[in-house]
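A.B. asks: If you scroll down you'll find the structure; I have some questions about it.
Every number here is computed from the coordinates shown, using simple stated rules; none is lab data. Fair warning: this is a prediction, and the values are worked out from it, not measured in the lab. Heads up, the Cβs are rebuilt from the backbone with ideal geometry, glycines too, and the neighbour counts pull from every protein chain shown.
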Amino acid sequence: MRPLDGITVVTLEHAIAAPFCTRQLADLGARVIKVERPGSGDFARAYDQRVRGLASHFVWTNRSKESLTLDVKHAEAPGILAGLLDRADVLVQNLAPGAAARLGLSYAALNAKHPRLIVCDISGYGSDGPYRDRKAYDLLIQSESGFLSVTGGPDAPAKAGCSIADIAAGMYAYSHILAALLQRGRSGCGCHIEVSMLESMVEWMSYPLYYAFEGAAPPTRAGAAHATIYPYGPFPAGDGRMVMLGLQNEREWQVFCIQVLERPDLAGDPRYASNALRTAAREELQPLIVDCFAGLSSEQLIARLDAAQIANARINDMHDVWQHPQLAARRRWIQVQTPAGPIPALLPPGEVDAFTPRMDAVPALGEHSDAILGELGWEPPEIARLRAIGAI
């Protein structure tokens, strides 16, 4: 038995934030019914064709769901949505600002008839305030939250290479829904959850925010290096490959000087005796470290760092990650079905010995429409009529 077996989630979702939230609910056993636009569906289906003709974003965030096509603005839609919500425990939506309310799907409109229903609204900026109606794509939220101000190199900012603002919002929506289900188990009542991408990202930015407290200088952009700890970041080995290393304290600095650099004189040099001094002197230390590393291949350097118990890592590309020996040793990949055939998928992070996560197929657009409508009492001729008039 999975923790969310028997829980039904209805979701009007697109892109990443809400789909990532609901996929994780599905991982825990929830039945997730994804309502999609007839003909095109979630627009993330068309982002690319990198996974055997399917979109990389979509296959990541939509396994284990059922796809129901429905034109939510069609005259027949309210009756279908009402039937879905009669059976639902959770409603999730990340439509355009105000769209759910116009469809009669706000918490205020639903609570009287569905007092146990948990309604989760995900938006860019929240339901009020001067930014309420602004479009909120992931990169824009990275910018508004200050993330770009501390990410990148000295000469230019850089965005995260994944949809970090969407992921942040999806994670908070997921955890709040789990908490709401626990609370409902005690109170018997549903609730309204509102998650904004901006607030989610600003929470994740709290370290640089506090670092710049009361007008103090914010962290500088330092590329892949750490802005306030040194040496901490990428360094070239003699074979041209980069090795990431990180020192956290003075004991590690001394070990690093003696065993890795083989420069015991640096270990006792008062100019570098604290992290603050080393950070200020990084332009002096950088060539000393690089000169030492130049005589070692990346594998030799990693072996020396490992022997000294200095934290380090290879700078892997995506092909390296697919073949990562740690993931393989822990058997973290499993096959899931898609409309284009089986593909590997990473098991959800975190192992629980009480249940196996659900890892079902990525749905084709509208794959489950007939079955879901049949459950709601629609007969095959009626379903055919709905399809003929463009309602599904």
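A.B. asks: Excluding residues on the same chain fewer than 8 positions from residue 159, give the lysines whose Cα lies under 19 Å from its Cα.
C.D. replies: 135
A.B. asks: Quick one: Cα centre-to-centre distance for segment 375-391 and segment 56-109, in angstrom?
C.D. replies: A separation of 18 Å, based on Cα centres.
A.B. asks: When 197, 205, 1 are ordered from fewest to most other Cβ atoms inside 10 Å of their Cβ, what list results?
C.D. replies: Taking fewest neighbouring Cβ atoms as first place, the list is 1, 205, 197.
A.B. asks: I want the antiparallel fraction of DSSP beta bridges within the chain, as a percent rounded to 5.
C.D. replies: Here the antiparallel bridges make up roughly 40 percent for the chain.
A.B. asks: Where does the charge balance sit around residue 22 when Lys and Arg score +1, Asp and Glu -1, over other residues with C-beta under 9 Å from its C-beta?
C.D. replies: +2
A.B. asks: Apply the Karplus parameterisation 6.51 cos²θ - 1.76 cosθ + 1.60, with θ equal to phi minus 60°, to every residue of segment 106-117 and state each ³J(HN,Hα) to the nearest whole Hz, in sequence, with x for glycine and proline.
C.D. replies: 6, 4, 4, 6, 9, 4, 4, 7, 10, x, 8, 6
A.B. asks: How long is the gain from residue 76 to residue 360 if the chain were fully straight, where each residue apart is worth 0.36 nm and the alpha carbon distance is subtracted?
C.D. replies: That pair, residue 76 and residue 360, stretches by 99.2 nm at full extension.
A.B. asks: Give, as a single signed number, the net charge of other residues whose beta carbon lies under 13 Å from the beta carbon of residue 159, with Lys and Arg counted +1 and Asp and Glu -1.
C.D. replies: Within the 13 Å Cβ shell, the charges total -2.
A.B. asks: Now for a separate question. Cross-link candidates for residue 113: which aspartates and glutamates have Cα within less than 16 Å, leaving aside residues fewer than 8 places away along the same chain?
C.D. replies: 86, 89
A.B. asks: If the chain between residue 255 and residue 389 were fully stretched, how many nm would it gain, using 0.36 nm times the residue separation less the Cα-Cα distance?
C.D. replies: Separation in residues times 0.36 nm, less the Cα-Cα distance, equals 40.9 nm.
A.B. asks: Then there's this: Cut-off 10 angstrom, C-alpha nodes, Gaussian network model of the chain. Which of 141, 167, 80 fluctuates the most?
C.D. replies: Maximum fluctuation in the GNM of the chain, among the listed residues, is at 80.
A.B. asks: So what is the calculated 222 nm ellipticity per residue for the chain, using -39500 (n - 2.57) for each DSSP H run with n of 4 or more, over all residues, to the nearest 500 deg cm²/dmol?
C.D. replies: So the calculated ellipticity at 222 nm is -10000 deg cm²/dmol.
A.B. asks: If you rank 292, 257, 120 by fewest surrounding Cβ atoms within 10 Å, what's the result?
C.D. replies: Fewest-to-most ranking of 292, 257, 120: 292, 257, 120.
A.B. asks: Net charge near residue 357: determine it from the other residues with C-beta under 15 Å of the C-beta of residue 357, scoring Lys and Arg +1 and Asp and Glu -1.
C.D. replies: Residues near residue 357 contribute +4 overall.
A.B. asks: Using only Cα atoms, find the angle between the long axis of helix 282-293 and the longest principal axis of the chain, and express it within 0 to 90 degrees, rounded to the nearest 10.
C.D. replies: 80 degrees
A.B. asks: Obtain the nm distance between the two label points defined at residue 347 and residue 139 by a simple spin-label model: each point lies 7 Å from its Cα along the Cα-to-C-beta direction.
C.D. replies: 3.7 nm
A.B. asks: Considering the dipole of segment 174-240 built from charges on the beta carbon (Lys and Arg +1, Asp and Glu -1) around the Cα centre, which of 183, 196, 235 is farthest to its positive end?
C.D. replies: It is 183.
A.B. asks: Of all beta bridges DSSP finds with both residues in segment 27-153, what is the antiparallel percent, to the nearest 5?
C.D. replies: 10 percent
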